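The values are calculated or read from the model by the stated rules, or taken from the named source; none is laboratory data. Here the structure is a predicted model, which is why all the values come from computation and not from measurement. Note that we place each Cβ from the backbone using ideal geometry, even for glycine, and neighbour counts take in every protein chain shown.
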Amino acid sequence: MATPDQHTVSSEIRKAPAPVLAMAGLLAVAVVASVCVGASGLSFSRALQGLLVWDGSADHALVLDVRLPRAVLAVLVGANLAVAGLLAQTLTRNPLASPQTFGINAGASVAIVLTVAILPGLGTGGTVLPAFAGAAAVGAIMWFLSLSGAVTTVGLALAGITLQLVLTALVQALLIMSASTQDLVFWLAGSVTGADWSKVSVILPFTIAGCAAALLFGRHLGVLELDVTTGQSLGQNTRHVAALASLLVVLLAGSAVAVSGPIGFVGLIVPHIVRRLPGGGDLRRLAGLCLVGGPLLLVCADLLGRVVAFPAELPVGIVTALIGTPTFLLLAARQRHR
Amino acid sequence: MTPRTPGKTPARPRTASAVKSALATLAALSLHAANARPARRRTALVAYAVALILLLATALAGIAFGAVSLSPADVVDGLTGGANTFIVQEYRLPRVAVSILAGAALGVAGVFLQAALRNPLASPDVVGFTKGGGVGAMAAVMLSSPAAQAWAIPVGVIAGTSVTAAGLLLISRRLGGSLTTLVLVGAALSALAGAAIEYLLVREPQSADQAMVWLAGSVYGSDRADVTALLAWLAVCLPLVVLATRSVDVAGFGDDSVVSLGRHPVRVRALLVTAAVLLTAGAVTSVGGIGFLGLLAPHLARFAVGSRGHRLVPMAALTGALILCLADFAGRVVAVPNEIPAGIVAVVVGGPYLLYLLIRETRKHA
């Protein structure tokens, strides 16, 4: 089963190479720029040298241990969130779904803050499991609401946003009670600052597994977009497929929140943008496009946050909120016209 | 149901839930069923009385409880100028008074917003008013000198809330003015205001702890000046509140029905939203961003007296005051000698209630 699937994946990508390749090129440029721009004022050539020449100098260490992991982390988190958003939108057949609007990010945050408050010594690796638990709990609630078909598209989004408000307030409560607010404020806004290779190694397995599963099973997952009866008549066990999709959403979003905090709007807007690109349509192609588009958005937002507030920096979550809010409004307006 | 103008004709008694009928029986017993008032009205009167008694009891408990415990007799003594005058009149009474006033304001604001947006999940915090006010307050704290903060914070809150509301109305009008857009625009503005708050927190991390407590909402440290200011503000708002109350029923119908009743739907909505903004701004200035009160209080009130505006609004004020008073009291009692901000207690109670609302909504349609 693996071979024909892989074959189809590659042929799909061959069919629609232009947008993916163009975005991959842009992403490469953005990553290089992200490595070259920073507070220490390294020149472009020195930064490139640090990246390419392993001479053990201070510049090399700076590039290799500070800037490169940050760029890589932004890439991985962006891919996770975008693919999770795409799957959530497909699963709930709701264009306003995303890890953030459905409160899944906030659920993971509550679980992480709670864990850190109880066990302060825990590193990033230890917060992944609680993040999954929190994300899964909220995901289950939202999935239950959307499956019943009772709540309208907009109503569901509103329910998710309200749920997110409750959870954010709970996070605030925990922070006030544990009086360790200052350390967590930056993380809470959503940020890839302070990235190192250990964080990359925490998220990397989930990114690879989740995105590979989304690409491999994309054909099956795409059936979720149709209604249940049609899905069954196409020979799919819709329950199993939906369970797989929810699991992937939880894994991808939960691990992203664990390393970078709740970064909003990436999962919401990237799937919508890539749907309008020429390669879009089929879920596998969309997932492929999200895999490149999410990182592109997040790396650029991170870069922007560092350039705008130089020499301080803006958490990337704030930048994505500033970009994402107008886009969200446009989406909502289009939703109305349908 | 035929639309009628409120106040002119008595509402027809409808099928009542078990609790409501129990309340009605109680009412019938207590009033000897002598006069032929409609049952609904009697229920409402009993509900008012019960809420008022509970509120008084909570307020009394709130005044009596603290580092120095006072007996009810001491409290009465302190209120009338006896032995514990200072504790009662300078510390505890202002705190209880502020929580009553702010709770009432938020409860009524919730009714207006739910009526204007025709959505049971709408409340000042969901559509971003609270957060907008929070941004204004934080910006005021950071921009003004410490001496000027006494007036800079209220100005900042009112500016922040008004800008959010104006943005809400203008943007959603540009996008077509339908109700769903209004709600979504509110949610988006809320996210934007949240990002702005986070930005300010990141810029000034040394004030983050303090700001977090304020943003979560707390009546800690209220003094007489706060009470006077809030009371004056609410008194100024009162005419608008009365006007808006008369529009609550009309706004509940669809836009077409509003037109056929001779009212302008956009103007009705603007009136309700404006009243909600002013009330929220007053409350946020004095107690910070207490969430869920605006969601919870109207629902409890509707459960007790039904959804006719002229009964719902006073009841929502009572339930809002009661909830905030109780939340403050609970926050002080639970973790002695520490205090949990009232806003957090409200969220801990309000969160599960919201889930219940969502699930009930699902069941209703399934």
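Which of the residues that make up segment A:193-216 are free of Cβ contacts under 8 Å to residues at least 12 places away in the same chain and either surrounded by 16 or more Cβ atoms within 10 Å (Cβ to Cβ) or among the hydroxyl-bearing types (S, T, Y) (or both)? If the condition is that a residue be free of Cβ contacts under 8 Å to residues at least 12 places away in the same chain and either surrounded by 16 or more Cβ atoms within 10 Å (Cβ to Cβ) or among the hydroxyl-bearing types (S, T, Y) (or both), then A:S201 is the only one that fits. Among the residues in segment B:169-184, are any more than 12 Å from every other protein chain (Cβ to nearest Cβ), in contact with a Phe, Trp or Tyr (Cβ under 9 Å, 6 or more places away or on another chain) and either on the phi > 0 side of the Ramachandran plot or surrounded by 24 or more Cβ atoms within 10 Å (Cβ to Cβ) (or both)? No, that holds for no residue. Taking each residue of segment A:56-70 that is more than 10 Å from A:W197 (Cα to Cα) and looking for partners that are hydroxyl-bearing (S, T, Y) with beta-carbon atoms closer than 9 Å, six or more apart or interchain, yields A:D59/A:S40; A:L62/A:S40; A:R67/A:S34. Kindly indicate whether any position in segment A:65-88 is among the acidic types (D, E) and assigned to a helix (DSSP H, G or I). Looking for residues that are among the acidic types (D, E) and assigned to a helix (DSSP H, G or I), one finds at least one in segment A:65-88, hence yes. Evaluating B:P239 against the criteria (1) in a helix (DSSP H, G or I); (2) in contact with a helix residue (DSSP H, G or I) (Cβ under 6 Å, 6 or more places away or on another chain) leaves one unmet condition, (2).
Does segment A:63-76 contain at least one residue that is of a type in the set (D, E, K, R), at pLDDT below 75 and surrounded by fewer than 19 Cβ atoms within 10 Å (Cβ to Cβ)? Taking every residue of segment A:63-76 in turn, none turns out to be of a type in the set (D, E, K, R), at pLDDT below 75 and surrounded by fewer than 19 Cβ atoms within 10 Å (Cβ to Cβ).
A quick yes/no check of all residues on (1) small (G, A, S); (2) more than 14 Å from chain A (Cβ to nearest Cβ); (3) crowded, with 18+ Cβ neighbours inside 10 Å:
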site	(1), (2), (3)
B:V108	no, yes, yes
B:F129	no, no, yes
B:L143	no, yes, no
B:A152	yes, yes, yes
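Remark: A:L226 falls outside the filter, which requires a residue to be over 18 Å from the mean Cα position of the chain (by Cα) and surrounded by 22 or more Cβ atoms within 10 Å (Cβ to Cβ).
Any residue that is within 14 Å of chain B (Cβ to nearest Cβ), farther than 19 Å from A:L27 by Cβ and surrounded by 21 or more Cβ atoms within 10 Å (Cβ to Cβ) - is there at least one of those in segment A:243-261? Yes, there is a match, as at least one residue in segment A:243-261 is within 14 Å of chain B (Cβ to nearest Cβ), farther than 19 Å from A:L27 by Cβ and surrounded by 21 or more Cβ atoms within 10 Å (Cβ to Cβ). Those helices (runs of 4 or more DSSP H) of segment A:118-194 in which at least 2 residues are at the interface with chain B (Cβ under 9 Å from one of its Cβ atoms) and modelled with pLDDT under 70, considering only elements entirely within it, cover A:153-178, A:181-189.
For segment B:52-85, the candidate set comprises residues that are assigned to a loop (DSSP other than H, G, I, E, B) and of a type in the set (S, T, N, Q); within that set, the residue that is surrounded by the most Cβ atoms within 10 Å (Cβ to Cβ) is B:N84.
Of all residue pairs spaced 6 or more apart or on separate chains, those with beta-carbon atoms under 6 Å, a first member in segment A:296-316 that is within 11 Å of chain B (Cβ to nearest Cβ) and free of Cβ contacts under 8 Å to residues at least 24 places away in the same chain and a second member that is part of a loop (DSSP other than H, G, I, E, B) and of a type in the set (D, E, K, R) are A:G305/A:E313.
Restricting segment B:341-361 to residues that are closer than 11 Å to B:G217 by Cβ and among the β-branched types (V, I, T), the residue that is modelled with the highest pLDDT is B:V345. Consider A:A106 carefully, then state whether it is buried (at least 19 other Cβ atoms within 10 Å of the Cβ) and either at pLDDT 80 or above or part of a helix (DSSP H, G or I) (or both). In short, yes.
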